[in-house]
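The block underneath contains the structure these notes are about, expressed in C-alpha cells.
The values are calculated or read from the model by the stated rules, or taken from the named source; none is laboratory data. Nothing here was measured: the structure is a model prediction, and the numbers come from that model. Because the Cβ atoms are built from the backbone with ideal geometry, glycine has one as well, and the counts that use them run over all protein chains shown. Note: accessible area is taken over every heavy atom of the protein model, side chains too, but ligands, DNA and RNA are not part of it. Shrake-Rupley method; radii C 1.70, N 1.55, O 1.52, S 1.80 Å.
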Amino acid sequence: EQGLYIIDQHAAQEKYNYEVFKNAISKQSFTMQPLLMPIVLEISLSQAVRIEEMNEQLSQIGIQFEPFGNNTVLCRELPNWIQKVEIKEFLQDMIDLYNQNIRQKSNPSCEAKQHPHHHLLTLRSQRR
C-alpha cells in the first residue's frame with residue numbers, strides 16, 4: 001500500500017508496555033528483583049488504612065507495600081515485568097487506581113458519570 005503513516009510514539013510505547021505487562025501477569029511468569037534502596041511513597045490516611053487489603057490484590061501482580069510510619073509505605077522489591085516506566089509514579093498510580101475503584105464500589109451512582117475508559121492505567125514511559 002502507498003500512503004503516509006503517522007504514529008504517536010508515546011501512545012505506541014504505552015501500548016507496547018501494556019502488552020508486555022499483560023503477558024507477564026497473565027502467565028505469572030515474573031521473578032522479583034530486590035531493590036538496593038526501597039521506594040518510599042507518601043499516601044493519605046485513608047489509603048494507609050487499606051494497605052493490607054491493597055496488598056492482597058496487588059500481590060497477584062508481584063507488588064507489595066510495607067507500612068512505614070503514619071502516611072508512608074515502602075516497596076522493597078519489584079517484579080521483573082516492570083521495565084521502562086517511572087517506577088515511583090507507576091506505584092503511586094497503582095495506589096490511586098486501587099482507591100478510585102474502592103470509592104466507585106462504595107458509590108455506584110458516580111460510576112455512570114465517568115468516562116467509559118476511566119479504569120485504564122496510563123503507564124508513564126521513561127523518555128530518553
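Points worth noting:
- Hits in segment 102-121 (condition: surrounded by 13 or more Cβ atoms within 10 Å (Cβ to Cβ) and either modelled with pLDDT of 55 or more or among the polar types (S, T, N, Q) (or both)): ILE102, GLN104
- Among the residues making up segment 50-72, those that are surrounded by 14 or more Cβ atoms within 10 Å (Cβ to Cβ) and within 16 Å of PRO34 (Cα to Cα) are ILE61, GLY62, ILE63, GLN64, PHE65.
- Residue tally, condition open to solvent by less than 20 Å² (accessible area, probe 1.4 Å) and outside any strand (DSSP E or B), over segment 73-87: 2
- Per the listing ASN80, ASN71, the residue uniquely touching a residue at least 12 places away in the same chain (Cβ under 8 Å), in contact with a helix residue (DSSP H, G or I) (Cβ under 9 Å, 6 or more places away or on another chain) and over 21 Å from ASP96 (Cα atoms) is ASN80.
- Scope segment 35-58; condition part of a helix (DSSP H, G or I) and either at pLDDT 90 or above or within 16 Å of the chain's Cα centre (by Cα) (or both); matching residues: GLN47, ILE51, GLU52, GLU53, MET54, ASN55, GLU56, GLN57, LEU58
- Failed item, numbered, when ILE43 is tested on (1) open to solvent by 90 Å² or more (accessible area, probe 1.4 Å); (2) within 19 Å of ARG76 (Cα to Cα): (1)
- Selection of segment 12-34 for residues being in a helix (DSSP H, G or I) and surrounded by fewer than 11 Cβ atoms within 10 Å (Cβ to Cβ) yields GLU19, SER26, LYS27.
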